[in-house]
Amino acid sequence: MTETLGQIASRFKKSLTRGSGVFGNATRTSILLSLAALGESYPRELSRVAEVSLSSVQQAIDRLEADGIVATAPRGTHRVVRLNPRFYGAAELRTLLLKLLQGQSQLADRLKSIRRRPRKRGKPL
């Protein structure tokens, strides 16, 4: 039994709307979508955005790093995570992830709310 391209696309779209993982599971998918949008991030920040536990994010990052999809580097006492620029399909993967992010409005809204620069001293919250 072979599926048509339309059936595959329909199944792919349904998996996105259900929140299941296109890249293995929902956590891995959220991490990859977040990294495509942010450029680089920290495991704690990714756990807040994905709304999953820090240990789940760390395990997913370890598996993605073993697969060569993401790269990590120490920065001070933290571990910075980003899409691996040496991955053979890095540019295409980033393009695909940014396109998939357009269908994930809740995740996109959470990503927009992240503060990416320091707050001015004395400025009220």
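The values are calculated or read from the model by the stated rules, or taken from the named source; none is laboratory data. Treat the numbers as computed from the prediction; the structure is a model and nothing was measured. Counting neighbours? That spans all protein chains shown, and the Cβs are built from the backbone with ideal geometry, glycine included.
Kindly indicate the residue of the range 5-48 that is at pLDDT 60 or above and assigned to a loop (DSSP other than H, G, I, E, B) and also surrounded by the most Cβ atoms within 10 Å (Cβ to Cβ) among those meeting that condition. Talk me through it step by step, then tell me what you get.
Just the residues of the range 5-48 that are at pLDDT 60 or above, to begin with: 21-48.
Applying the additional criterion that residues be assigned to a loop (DSSP other than H, G, I, E, B) yields 21-25, 39, 42.
Working: Gly21: 17, Val22: 16, Phe23: 19, Gly24: 14, Asn25: 15, Gly39: 11, Tyr42: 16.
Looking at residues that are at pLDDT 60 or above and assigned to a loop (DSSP other than H, G, I, E, B), I get Phe23.
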Residue match in the range 107-119 (condition: in a helix (DSSP H, G or I) and closer than 18 Å to Val22 by Cα): yes
Tally, over the range 34-47, of residues that are in contact (Cβ under 8 Å) with a residue 60 or more places away in the chain and over 12 Å from Leu97 (Cα atoms): 1
